[in-house]
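No value in this document is a laboratory result; all are computed from the given coordinates. As the structure is a computational prediction, the values presented were derived from the model and not from experiment. Using ideal geometry, Cβ is built from the backbone for each residue, glycine included, and neighbour counts are taken over all protein chains shown.
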């Protein structure tokens, strides 16, 4: 009896898993290529007359591009700001000594898993008071805050792997912590920061609940919030909605297919390697 | 021993504190952490304190009256809340399923068959796609006369066709199915990475001793990645407790007749749609309490997984 | 390493202190200013208008943008920012914004209870204080938003919910005339089933079909709206068949397969579209949607009737019209006069005509020039919609009861549940509302006592 799984059951299992994983995605793509009329009569099969009309409409007539731009602005802004907030903190936790250091790290690790739904109502009230409702800035602010715990944790883990000699390289010449961070540690951390940025960007791009609550103005919506709006408004034209859905998933999917390592490394960082 | 103490030890004593002979502590770390602390205060501490406070008041936002623990008793008397809680527990039942399935796929891929990287890519793809896009897609796919039933009917499996989203019995399980579909890839990648990092000698020795495939997996491999398995289980438990809003909102909106509502959706509906801030805050406190328990467990298993990988 | 406890305390205190400071900063600044006194000039103002109508009347957003541009041309000192609202966040967004007394100058909420809830919360300034009766006397539907002798919001359009029928499909089944009673409806369903046609097209995944059914049938055993109000407050039993007995006909229709089989997994629009596609013989729709169907199928192919009679109450014979959404001025607006002037101008006869032409929905004003209606179908719809005494029952339910009650309870039936379960769900919704909103119950009671 070989110490490998038997070939046939193995192939069946993997094929079944692959089909299950891919069929819904294929369904989405297939449906988006059908016209609404064709979809009414042919729900499950291949499109008899595939057409890109839905994509054209999605990009030219619906606010898809504007929404995508809003999402991009919010994602970019919050990833950048959270990095700026987290990097010095992680540096201080790893290389510095101060009261409450382990408490702070523990707090960050714990807060990673706090569900945003419990935070959204009070923060909404604050944003209304600040007059930031319907302003993308409100999303950038809250997302940045919510990304800090994971970012701090991730960077701490990485900074710990930097050998002491490297990190201290400038200390002998009298460089202070700011210069050491900026000149030595951060350049060494580029791959890690890139991975972190990718992971955080996925989170921000995919976020729904907060985006729904903070932005009511239709043209300011993020892509995810806009897609959920279309789902209701264009419920009689499923292919069109699915075309927008495909477009919303496209950036992340493409990115993933071209840079798997960053993804895998970042998202499995939970094990603290 | 707390999880954090293992990892926060600075590598070689305090290094960059800039101190020479004096015992005066450096102040730069406080400055460095201040922005992050402010962010945590604004984004977490302040809202959490507000939610705790609001949970003790009832009524519409205009006329809040103190009710002490009245919201909590109203909560547990509310059918919809009990359904929401029960649904989160039902979702919890999918975690063993997810774990077993992911382990199975991971051990099979670990055998090093040709094209294993492709399978890994394919199973991981659902995980990184936005939940809203997935949800919208499945809400079309799972209609009574939609894609899934259409395919089933096409291959003669009519009997399996159900009203996945329109039946109060099936709605929550359909949500569960979509969650499993997305989360499976995360498990596969996680377990596969852990298995690949195991020392080859133990496996070789077992093979030389004539171990069968099943024994090899269950007696040799799985016990060695126990920490990773625990980590996945706890992470997924937290996920189905507090990160499924997008699925429910887009797939079923909690329906039909609240049969697929979950705690997050209950909070949204009562707090935001109905303006019942007090009740929603009380529900949020319940979610927090459950999450806190799981987070404590999560912190513990994280250490174990880290130690296991480091060994 | 020394392990003293106070570093943790200090850190926790620091975080708490930072958050308290932030809370102080953020809570202290009310964004809107007060009650529109000295600065309230109708010709110089910057207004924000949270607007909702597109779902009722496709084309509404563009129409309003056009009207705003025209108004700004006539009144150069006034600028109006239009912010279209989404259906599922319409109530929540305004309620939470109103909590801090800041937000738009003009807002939209669905008529009657959703508006009155805000009135009781102090968020609304009555439009009757800012526009003279001479301007308001032509509005249709002001009774939907009247409280303590004041009119609190302005109707813009009227929605009627007729039952549309496909003449050729009915003929194919041998149904000579569209059903006027419930018994006739059931017979028509049976006949249509025999020739393989879906009798009624509908979708209840989002619950709105059930809400329409509540409004169309639920009033038919009532003699007045007061009967419902007493049941909602709890003075009379909501389980009484007079109030919730209408789940029986819904159940009958569902059990006799009068609906399409996927009614539970389709949304309202999706289900209605089966009529437009010629797959269903009948469907409830709004005036605007029916007008669209006429364009798709051909105006001579479809007809409209009122909802078949089922009940025996006085309200069984009135039609189902509502202004659906109401525009009102917020209590914190600094430009109430300017807002009122703009709103009043929307009822200018020229604007009434352009509204109808843009959306196919009737404006809520007796000065509407009926010559604008060019089709036979349109005239039938106008006759129905403007018939006196119309009641849209859903408006009289508190929003929470609406959502938890007739929306959810209707889904019980369309997902195959029993009448008893649906009635129980409705009853529980009222109990939960009474328990959670003691202040609102008081206001509701006062209002219903009138």
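If packing is taken as the mean number of other Cβ atoms within 10 Å per residue, what is the order of C:240-247, B:286-293, highest first? Please list the in-between numbers first.
Details: C:240-247: 21.2, B:286-293: 17.5.
Those peptides, ordered most packed to least, come out C:240-247, B:286-293.
Just need the Rg to Rh number for the stretch A:168-232, please, alpha carbons only, Kirkwood Rh.
Numbers: Rg = 20.2 Å, Rh = 15.0 Å.
Rg divided by Rh gives 1.35.
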Which residue fluctuates the most in chain B, going by a Gaussian network model with Cα springs under 10 Å, if the choices are B:218, B:239, B:94? B:218
Placing each pseudo-label 7 Å from Cα in the direction of the beta carbon, residue C:65 and residue B:212 end up separated by a distance in nanometres of 7.1 nm
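Of the peptides C:131-138, B:122-129, C:101-108, how do they stack up when ordered by the mean number of other Cβ atoms within 10 Å, highest first?
On the way: C:131-138: 12.5, B:122-129: 21.9, C:101-108: 23.9.
Ranking the peptides C:131-138, B:122-129, C:101-108 by packing returns C:101-108, B:122-129, C:131-138.
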So how compact is the stretch A:63-233: Cα radius of gyration and Dmax in angstrom? 18.5, 65
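Taking N as the number of residues in the stretch C:43-94, what value does Rg over Cα atoms divided by 2.2 N^0.38 Å take? Walk me through the numbers before you get to the answer.
Details: Rg = 12.3 Å, N = 52, 2.2 N^0.38 = 9.9 Å.
Scaled against compact globular proteins, the figure is 1.25.
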Once Rh for the stretch B:229-274 is found with the Kirkwood sum over Cα pairs, what is the Stokes-Einstein diffusion coefficient at 37 °C and 0.692 mPa s, in µm²/s? 291 µm²/s
Please work out whether the stretch C:74-165 counts as rounded, prolate or oblate from its C-alpha gyration tensor, where a ≥ b ≥ c are the square roots of the eigenvalues and a/c under 1.5 means rounded, while otherwise a/b larger than b/c means prolate and anything else oblate? rounded
Nearest 10 degrees, 0 to 90: what angle lies between the long axis of helix C:438-449 and the longest principal axis of chain C (Cα atoms)? 50 degrees
Cα Rg over Rh - the stretch B:67-145, Kirkwood: 1.19
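Considering every pair of different Cα atoms, what Kirkwood radius, in Å, is found for the stretch A:1-119?
Working: mean 1/r = 0.0487 Å⁻¹.
By the Kirkwood definition, the hydrodynamic radius is 20.5 Å.
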Which residue fluctuates most in the GNM of chain B (Cα springs below 10 Å): B:163, B:209, B:79? B:209
Based on Cα positions only, what radius of gyration and what Dmax would you give for the protein assembly as shown, in angstroms? 30.6, 105
Mind checking the angle between helix C:287-297 and chain C's longest principal axis? C-alpha axes, 0 to 90 degrees, to the nearest 10. 50 degrees
Give the percent of DSSP beta bridges with both residues in the protein assembly as shown that are antiparallel, rounded to the nearest 5. 65 percent
Separation between the residue C:421 and residue B:64 pseudo-spin-labels, each 7 Å from Cα along Cα→Cβ, expressed in nm? 3.8 nm
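When A:91, B:249 are ordered from fewest to most other Cβ atoms inside 10 Å of their Cβ, what list results?
Values: A:91 28, B:249 24.
Ranked by crowding around the Cβ, least crowded first: B:249, A:91.
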What is the antiparallel percent of DSSP beta bridges lying wholly in chain C, to the nearest 5? 65 percent
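Could you tell me what a quarter of the Cα convex hull surface of the stretch C:350-395 works out to, in nm² with one decimal place?
Values: hull surface 15.0 nm².
Convex hull of Cα atoms, orientation-averaged projection: 3.8 nm².
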Highest GNM mean-square fluctuation among B:282, B:39, B:77, for chain B with Cα springs under 10 Å, belongs to B:39
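Over the stretch A:7-56, what lengths in whole Å, largest first, do the semi-axes of the equivalent ellipsoid take, defined as the square roots of 5 times the eigenvalues of the alpha-carbon gyration tensor? Each step should come with its number before you reach the end.
Numbers: eigenvalues 181, 22, 11 Å².
Semi-axes, largest first: 30, 10, 7 Å.
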To the nearest 0.05, what FRET efficiency results for residue C:134 and residue B:79 with a Förster distance of 60 Å applied to their C-beta separation? 0.70
Shielding of B:206-212 by partners, i.e. mean partner chain Cβ atoms within 10 Å per residue? 2
With no solvent and one equal point scatterer placed on each C-alpha of the stretch B:188-279, evaluate the Debye formula and give log10 I(q)/I(0) for q = 0.10, 0.15, 0.17 Å⁻¹, two decimals. -0.50, -0.70, -0.78
Shape call for the stretch B:126-228 from the C-alpha gyration tensor, a ≥ b ≥ c root eigenvalues: rounded (a/c under 1.5), prolate (a/b greater than b/c) or oblate? prolate
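Using square roots of five times the C-alpha gyration tensor eigenvalues, list the equivalent-ellipsoid semi-axes of chain C in whole Å, biggest first. Let's see the in-between values first.
Values: eigenvalues 328, 181, 88 Å².
Each semi-axis is √(5λ); the values are 41, 30, 21 Å.
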For helix C:6-27, report the angle its Cα long axis makes with the longest principal axis of the Cα atoms of chain C; keep it between 0 and 90° and round to the nearest 10°. 70 degrees
Please list log₁₀ I(q)/I(0) at q = 0.11, 0.18, 0.21, 0.22 Å⁻¹ for the stretch A:144-269, using the Debye equation with identical point scatterers on the alpha-carbon positions. -0.57, -1.02, -1.18, -1.23
Sort the stretch A:49-122 into rounded, prolate or oblate with this rule: let a ≥ b ≥ c be the square roots of the eigenvalues of the Cα gyration tensor; rounded if a/c is under 1.5, and if a/c is not under 1.5, prolate when a/b is larger than b/c, oblate otherwise. prolate
Per-residue Cβ counts within 10 Å, from other chains only, averaged over A:133-145: what number is that? 3
Using the per-residue mean of other Cβ atoms lying within 10 Å as a proxy for protection, in what order, highest first, do the peptides A:23-29, B:187-193 fall? B:187-193, A:23-29
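Within 10 Å of each Cβ in B:71-79, how many Cβ atoms from other chains are there, averaged over the peptide? Kindly include the intermediate steps, with their values, before the conclusion.
On the way: counts 1, 0, 1, 3, 0, 0, 4, 6, 6.
Across B:71-79, the average partner-chain Cβ count within 10 Å equals 2.
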Cα→Cβ-extended label distance, 7 Å offset, between residue C:184 and residue A:16, nm: 5.7 nm
Per-residue Cβ contact counts at 10 Å, fewest first, order A:224, B:98 as B:98, A:224
Work out, in µm²/s and without decimals, the Stokes-Einstein translational diffusion coefficient of the stretch C:334-450 at 20 °C, 1.002 mPa s, Rh from Kirkwood over C-alpha pairs. 118 µm²/s
Scale the Cα Rg of chain B by the rule-of-thumb value 2.2 N^0.38 Å and send over the ratio, two decimals. 1.25
